[in-house]
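Peer 1: Right, I'll just put the structure down here and ask away after.
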Amino acid sequence: MHKPRKRTLYTIAVVLLVLWGSFLVFIGWAMRQPPEKFGRVMMHMPMPAFFLFPFETMWNHARAGSVQPGDMAPNFLLPTQDHQSEVELSSLRGKPVVLVFGSYT
């Protein structure tokens, strides 16, 4: 009678581990998406889910990038403040440019 109980507990543990691993892979994938897509995924995430994985560690790893001090910044395109046009970083080559990173929400 004890053997089936152990086997059932083992099966439940394996299923939970596979589900947790799948959840980690999904969150890792979402963290590597553009901010808009990541936001859409995370807005459906219930708050208790954040306690099921190492969010900060995964976020820092997913968004670490590979630019080192002194490297040339990768090219990107951003809308102007009035949203009437766009500015490409490479179009400013040879001019002083200050890049400020952060969240202003």
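The values are calculated or read from the model by the stated rules, or taken from the named source; none is laboratory data. Everything quoted here is computed from the prediction, not taken from an experiment. Glycine gets a Cβ as well: all are built from the backbone with ideal geometry, and neighbour counts include every protein chain shown.
Peer 1: Select from region 51-92 the residues that are charged (D, E, K, R) and loosely packed, with under 10 Cβ neighbours inside 10 Å and list them in ascending order.
Peer 2: Step one: list which residues in region 51-92 are charged (D, E, K, R), which gives 56, 63, 71, 82, 86, 88.
Correct list: E56, D71, D82.
Peer 1: So, one more: Go over the candidates M31, M47 one by one and state the one that is free of Cβ contacts under 8 Å to residues at least 60 places away in the same chain, under 22 Å from F101 (Cα atoms) and not small (G, A, S).
Peer 2: When all the criteria are applied, what remains is M31.
Peer 1: Among the residues of region 79-90, is any closer than 30 Å to L24 by Cα and either of a type in the set (S, T, N, Q) or free of Cβ contacts under 8 Å to residues at least 24 places away in the same chain (or both)?
Peer 2: Looking for residues that are closer than 30 Å to L24 by Cα and either of a type in the set (S, T, N, Q) or free of Cβ contacts under 8 Å to residues at least 24 places away in the same chain (or both), one finds none in region 79-90, hence no.
Peer 1: Also, I was wondering about something else. Keeping to region 3-47, report how many residues are among the small types (G, A, S) and farther than 25 Å from G65 by Cβ.
Peer 2: Here the count works out to 3.
Peer 1: Among G70, G65, G39, which is outside any loop (DSSP other than H, G, I, E, B) and of a type outside the set (S, T, N, Q)? Show your work before the answer.
Peer 2: Numbers: G70 fails: outside any loop (DSSP other than H, G, I, E, B); G65 fails: outside any loop (DSSP other than H, G, I, E, B).
Exactly one residue qualifies, and that residue is G39.
Peer 1: If we keep just the residues of region 73-105 that are touching a helix residue (DSSP H, G or I) at 6+ places or on another chain (Cβ under 9 Å) and part of a loop (DSSP other than H, G, I, E, B), which is modelled with the lowest pLDDT?
Peer 2: Here the answer is L99.
Peer 1: Within the bounds of region 13-28, is there any residue that is on the phi < 0 side of the Ramachandran plot and part of a loop (DSSP other than H, G, I, E, B)?
Peer 2: No; the residues of region 13-28 include none that is on the phi < 0 side of the Ramachandran plot and part of a loop (DSSP other than H, G, I, E, B).
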